[in-house]
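The values are calculated or read from the model by the stated rules, or taken from the named source; none is laboratory data. From a predicted model like this one, the values you see are computed outputs, not experimental measurements. A quick note on method: Cβ atoms are made from the backbone with ideal geometry, for glycine too, and the neighbour counts reach across all protein chains shown. With ligands, DNA and RNA removed, areas are computed over all heavy atoms of the protein, side chains included. Shrake-Rupley method; radii C 1.70, N 1.55, O 1.52, S 1.80 Å.
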Amino acid sequence: MAWPGGAPGPLPGGPAPEEDEEEIELTPAVQMLLETSRYIAEKIASKILGFREEYTSDEGLSRQLGSLPRGRLGEAQPEPGVAIDSTFPIDGGVELVGGRLIAVVAGYVSFGGLAARGVRRHDVYAQARFVDTEDTQRILPLYAKLVEKAVAHRVLGYVEDGSMNARVILFDGELVPYPLLFKSQKTVARSRLLVRLDEQVARLLERARSLRLTLVGVVKRSYSRLLGARLGRRLSINDKALMSLLLSRGEYLVAGQFQEILPRYAEIVAAEKGLDPGKYRSIVEERLGLRSEYGRVTVAFYKPSLPRPGLQAVRVEVLDYGGLGLKKLLSMLNTLTNPATGLPYPIDLVDEYTRLESRMLELLRRRIISHLAEMLEEVGGTRALVLLSHTNPEKRYVYEPRRRRG
């Protein structure tokens with residue numbers, strides 16, 4: 001089988017011939033991991049061969065995908081815009097005796113010659129919390145999205161008062177947080193955080209629509225199978241993998257709007273999990289009925305025009321309130337491609353700008369201890385500082401500032 005997107009070429013990310021690989025000690029644990037390599041390779045090969053069978057069958061994938069809107073990318077001049085991102089510790093923060101120290105950073109950077117009067121063309125905001133609940137790791141991503149949307153509202157305020165001339169806002173990630181699409185209204189209503197997030201997102205979309213600002217979510221890590229919903233069955237590989245194989249350089253494909261594909265997708269996911277497909281579909285339909293703007297999000301995939309092997313397809317979610325046109329918008333993103341990553345460079349910039357390293361939390365912990373010691377010294381309560389000790393001292397190295405080698 002010849003891949004429609006062209007030959008895969010050299011493996012991206014592999015070491016150059018002159019590079020020295022880091023030596024790894026072959027401990028029993030490492031040896032045991034290496035022994036799983038053949039089993040994992042067989043599983044991946046099975047998926048690839050299953051996809052090949054789907055694609056080459058007479059009634060299969062190629063004919064059905066051919067019915068979806070598809071086209072060639074240009075290199076349209078980018079409109080003035082802002083890229084927004086948020087980040088948080090992947091491990092959920094520093095585990096301390098009294099609770100968990102967490103932090104969220106969100107910020108924005110400008111691109112496309114954005115003009116700004118009296119406001120910064122880039123800015124960053126940080127919030128930290130000391131929490132003692134068991135569900136911290138579950139709510140932290142939602143909290144980060146809440147801070148991210150607050151930054152977006154600030155940018156919209158700049159556009160409203162004429163301080164910025166942005167026409168496009170890029171988000172690093174999805175436009176609508178997925179819990180707001182796949183959880184019932186009762187579940188959303190029981191969570192103060194989800195209620196706040198739902199209100200923030202809905203108001204953000206309404207403000208962007210009134211300002212005729214186009215919103216784009218660049219979804220870097222995507223394992224969804226939305227295309228299976230359009231084709232009426234579960235596919236053996238995910239959307240990003242499928243489009244990375246099938247799209248040629250400089251080509252795009254439109255999967256459709258959420259209101260068209262999410263209800264059917266919910267049925268497929270429910271069937272895989274052994275749940276009631278009808279019930280799961282009704283949950284999604286209920287959410288889209290209550291928030292109709294969520295259903296108007298368009299999902300598309302494109303592969304940059306760069307003459308570089310190993311390029312991946314990029315998934316985007318779009319609300320084109322600015323009326324730029326999907327082809328022009330995707331061509332703009334194509335023009336903005338960072339050759340090093342294959343993603344729009346403003347997304348890489350804002351990701352770097354908002355990066356939160358674990359070591360920063362250790363510095364914050366020490367600063368808190370210093371302040372707390374002063375506050376408690378007069379009342380003899382310094383023994384309470386133990387609450388800010390690491391619960392697992394063996395993991396302290398993750399957060400300790402790195403010492404320079406002499």
**Fill in**
Within segment 64-103, the residues that are among the charged types (D, E, K, R), in a strand (DSSP E or B) and over 30 Å from Glu54 (Cα atoms) are Asp85, Glu95, Arg100
**Prompt:** Of all residues in segment 351-375, how many are of a type in the set (D, E, K, R), over 19 Å from Gln312 (Cβ atoms) and touching a residue at least 40 places away in the same chain (Cβ under 8 Å)?
**Reply:** 4
**Message:** Of everything in segment 267-294, what is touching a residue at least 12 places away in the same chain (Cβ under 8 Å) and of a type in the set (D, E, K, R)? Give them in sequence order.
**Reply:** Glu267, Glu272, Arg281, Glu285, Glu286, Arg287, Arg291, Glu293
**Request:** Would you check if Leu330 is among the aliphatic types (A, V, I, L, M), more than 17 Å from the chain's Cα centre (by Cα) and either open to solvent by 20 Å² or more (accessible area, probe 1.4 Å) or at pLDDT below 95 (or both)?
**Result:** no
**Prompt:** When the residues of segment 264-282 are filtered to those that are open to solvent by 40 Å² or more (accessible area, probe 1.4 Å) and of a type in the set (Ser, Thr, Tyr), which remaining residue is modelled with the lowest pLDDT?
**Reply:** Tyr280
**Asked** Taking into account only those residues within segment 180-210 that are under 19 Å from Arg138 (Cα atoms) and out of contact with any Lys or Arg (no Cβ under 9 Å at 6 or more places or on another chain), which is most open to solvent (accessible area, probe 1.4 Å)?
**Response** Arg192
**Request:** Would you check if there is a residue in segment 353-364 being assigned to a helix (DSSP H, G or I) and modelled with pLDDT of 90 or more?
**Result:** no
**Message:** Looking at segment 69-87, I want the residues that are closer than 30 Å to Val147 by Cα and have a partner that is open to solvent by less than 20 Å² (accessible area, probe 1.4 Å) and of a type in the set (Ser, Thr, Tyr) with Cβ atoms under 7 Å, at least 6 apart or on another chain. Which pairs are those?
**Reply:** Val82/Tyr108; Ala83/Tyr108; Ile84/Tyr108; Asp85/Thr354; Ser86/Thr354; Thr87/Thr354
**Prompt:** In segment 148-162, is there at least one residue being at pLDDT 95 or above, open to solvent by 30 Å² or more (accessible area, probe 1.4 Å) and in contact with a Pro (Cβ under 8 Å, 6 or more places away or on another chain)?
**Reply:** no
**Request:** Considering each residue of segment 333-350, count those that are open to solvent by less than 40 Å² (accessible area, probe 1.4 Å), more than 15 Å from the chain's Cα centre (by Cα) and in contact (Cβ under 8 Å) with a residue 40 or more places away in the chain, and give that number.
**Result:** 3
**Message:** I'm checking my understanding of the structure. Among residues of segment 89-132 that are open to solvent by 70 Å² or more (accessible area, probe 1.4 Å), hydrophobic (A, V, I, L, M, F, W, C) and within 22 Å of the chain's Cα centre (by Cα), which one is nearest to Met164 (Cα to Cα)?
**Reply:** Ala126
